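Enquirer: Here's a structure for you.
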Amino acid sequence: MIKAVIFDWGGTLTPWKRIDNLEGWRLLAEVLHDGDAERAAALANALLAAEDARWAAVRDEHRAFTLDQVLADAGHHHPADVPAQVRESALALHREFWFGQMPTDPDAGPVLRALRERGLKLGVLSSTSWPRDWHEDRFRSDGVLDLFDACVWSSDLEWTKPHPEAFHAAMDAVGVDDPEACVYVGDRPYDDISGAKAVGMRAVFVPHSDIPAAQQVPVDVHPDAVLHRLTDLPALIADW
């Protein structure tokens with residue numbers, strides 16, 4: 001019997017689209033280097049390169065990372081002695097850029113409520129550099145935060161998906177110790193489907209995301225089901 005459904009975030013609970021990551025870093029850099037376009041551009045490029053390198057390590061080694069680590073990796077391009085208020089303003093612009101790009105799927109709320117009515121535990125497991133409070137603010141503003149029993153963000157962990165420790169952390173968070181009683185829903189064959197299946201979960205694939213080539217890892221894995229609309233999930237797993 002299924003006791004818990006755990007969701008990926010980006011591309012699953014929020015629609016996937018290609019985003020110009022450099023633009024988000026440019027907004028931050030232009031605040032830190034106010035009036036110096038050349039240094040701002042250099043910082044934005046350095047931050048993007050640092051972020052790409054961190055995601056490459058996620059792909060190859062499943063090592064988690066944080067936004068603060070990305071900022072530190074490009075530290076030699078930062079201005080000296082930045083006032084805390086200026087740094088906070090820069091991060092706020094960066095955050096607002098991403099918030100505008102990553103709304104929660106409007107179908108998520110009704111689906112989550114339907115699953116909760118069945119007594120299922122609900123959770124999130126996401127590979128992300130965002131701090132927990134950013135994600136919670138996003139969910140809170142979209143009216144779904146209280147529908148989850150627990151959310152696990154890799155920015156709080158040592159490992160990202162598909163490492164087994166990440167999936168076990170999500171199981172522990174929702175209070176279910178049997179992986180066969182868990183369903184994982186995600187949009188990436190390697191990170192989500194192979195990771196969930198490897199620990200014994202059932203896996204539902206959402207095949208809508210145009211995953212960048214640099215983030216893809218070929219894998220021979222077969223989900224337990226394919227989901228084309230989030231609203232179909234309650235019926236899909238009703239008899240599992």
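Enquirer: For the range 29-128, restrict the atom set to alpha-carbon positions and state the Rg and Dmax in Å.
Expert: In order Rg, Dmax, the Cα atoms of the range 29-128 give 18.2, 57 Å.
Enquirer: Count the net charge of all other residues whose Cβ sits under 12 Å from the Cβ of Glu30, scoring Lys and Arg as +1 and Asp and Glu as -1.
Expert: Summing Lys and Arg as +1 and Asp and Glu as -1 gives -2.
Enquirer: Which of Pro131, Pro218, Pro207 moves most in a GNM of the chain, Cα contacts under 10 Å?
Expert: Looking only at Pro131, Pro218, Pro207, the largest GNM fluctuation is found for Pro218.
Enquirer: With the full set of protein chains in place, find how many percent of the accessible area of the range 194-240 is carbon and sulfur; take the probe as 1.4 Å. Can you show the working numbers first?
Expert: Values: 1300 of 2580 Å².
Its accessible area is 50 percent carbon and sulfur atoms.
Enquirer: Accessible area per residue of the range 108-240 at 1.4 Å probe, in Å²?
Expert: Computed with neighbouring chains in place, this is 44 Å² per residue.
Enquirer: Another one. Rounded to two decimals, what is the ratio between the C-alpha radius of gyration of the chain and 2.2 N^0.38 Å? Could the numbers behind the result be given before it?
Expert: Numbers: Rg = 18.6 Å, N = 240, 2.2 N^0.38 = 17.7 Å.
Ratio of Rg to 2.2 N^0.38 Å for the chain: 1.05.
Enquirer: What is the helix-to-structure angle for 108-117, meaning the angle in degrees between its Cα long axis and the longest Cα principal axis of the chain, kept from 0 to 90 and rounded to the nearest 10?
Expert: So the helix axis and the longest Cα principal axis differ by about 40 degrees.
Enquirer: I'd like the antiparallel share, as a percent to the nearest 5, of DSSP beta bridges with both residues in the chain.
Expert: Details: 1 of 20 bridges.
That works out to approximately 5 percent antiparallel.
Enquirer: Volume per residue, Å³, of the convex hull around the alpha-carbon atoms of the range 115-230? Intermediate values should be presented prior to the final figure.
Expert: Numbers: hull volume 13.8 nm³, N = 116.
Hull volume normalised by residue count: 119 Å³.
Enquirer: Using the heavy atoms of the protein chains alone and a 1.4 angstrom probe, what is the accessible area of the range 1-63 per residue in square angstrom?
Expert: Numbers: 3050 Å² over 63 residues.
About 48 Å² of surface per residue is accessible.
Enquirer: While we're here: Suppose the chain between Asp220 and Leu147 were pulled fully straight at 0.36 nm per residue; how much longer would it get relative to their current alpha carbon spacing? It would help to have the intermediate numbers written out before the result.
Expert: Numbers: separation 73, 0.36 × 73 = 26.28 nm, distance 3.34 nm.
Full extension from Asp220 to Leu147 adds 22.9 nm.
Enquirer: Roll a 1.4 angstrom probe over the protein heavy atoms and tell me the percent of accessible area of the range 75-162 that is carbon or sulfur.
Expert: 48
Enquirer: I've got another one for you. Any idea what diffusion coefficient the range 80-162 gets from Stokes-Einstein, in µm²/s, Kirkwood Rh on alpha carbon pairs, 20 °C, 1.002 mPa s?
Expert: Calculated translational D: 147 µm²/s.
Enquirer: Whose amide H sits under 5 Å from the amide H of Val124, counting only residues 5 or more places off or on another chain, with H placed in the peptide plane?
Expert: Amide H to amide H, under 5 Å and 5 or more residues apart or across chains, Val124 pairs with Phe7, Ala150, Cys151, Val152.
Enquirer: For the range 1-111, with the dipole built from +1 on Lys and Arg beta-carbon atoms and -1 on Asp and Glu ones, taken about the Cα centre, which of Thr66, Ala40, His94 lies farthest toward the positive end?
Expert: Value computed over the given set: Thr66.
Enquirer: Then there is this: What list of ³J(HN,Hα) values in whole Hz, one per residue of the range 136-147 in order, does the Karplus curve 6.51 cos²θ - 1.76 cosθ + 1.60 (θ = phi - 60°) give from phi, with Gly and Pro shown as x?
Expert: 5, 5, 4, 5, 5, 5, 9, x, 10, 4, 6, 7
Enquirer: What residue among Lys17, Lys197, Lys161 shows peak mean-square fluctuation when the chain is described by a Gaussian network model with Cα springs under 10 Å?
Expert: Per the Cα network of the chain with a 10 Å cutoff, Lys17 tops the list.
The values are calculated or read from the model by the stated rules, or taken from the named source; none is laboratory data. What you are looking at is a predicted structure, and each value in this text was computed from that prediction instead of being measured. Backbone-built Cβ (ideal geometry, glycine too); neighbour counts: all protein chains shown. To get the accessible areas, we keep the full protein, side chains included, count just its heavy atoms, and leave off ligands, DNA and RNA. Shrake-Rupley method; radii C 1.70, N 1.55, O 1.52, S 1.80 Å.
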